[in-house]
Amino acid sequence: MNYNIIVIISTIICAIISLLISYYFVLFFLSEESSFFKIAQLILTIVSMTTFYAPIKHIIMKYMKIEEERGKDD
């Protein structure tokens with residue numbers, strides 16, 4: 001499997017996890033009618049995407065035994 005496909009798969013998995021976490025976590029503190037609901041959900045989604053992306057990509061790469069592509073100067 002290609003490294004680019006691993007990146008796409010890990011991005012999709014991370015986006016789904018981040019969407020669920022942000023929705024239910026913000027719903028716990030704010031109601032959906034609140035004007036800050038979407039803003040808080042967006043901020044929490046960005047934070048969780050940046051937190052979960054690298055570990056998920058690393059696990060998938062380790063499971064599929066794919067090395068990261070390196071340029072000629074590396």
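A few notes on this one:
- Of the solvent-accessible surface of the chain, computed with a 1.4 Å probe and all protein chains present, 69% belongs to carbon and sulfur.
- Cα centre as origin, Lys/Arg/Asp/Glu Cβ charges: the chain dipole, Debye: 140 debye
- Subtracting the Cα-Cα distance of L30 and V7 from their residue separation scaled by 0.36 nm leaves 5.0 nm.
The values are calculated or read from the model by the stated rules, or taken from the named source; none is laboratory data. The structure displayed is predicted, hence computed values, not measured ones. Backbone-built Cβ (ideal geometry, glycine too); neighbour counts: all protein chains shown. The area values use the complete protein model at the heavy-atom level, side chains included, leaving out ligands, DNA and RNA. Shrake-Rupley method; radii C 1.70, N 1.55, O 1.52, S 1.80 Å.
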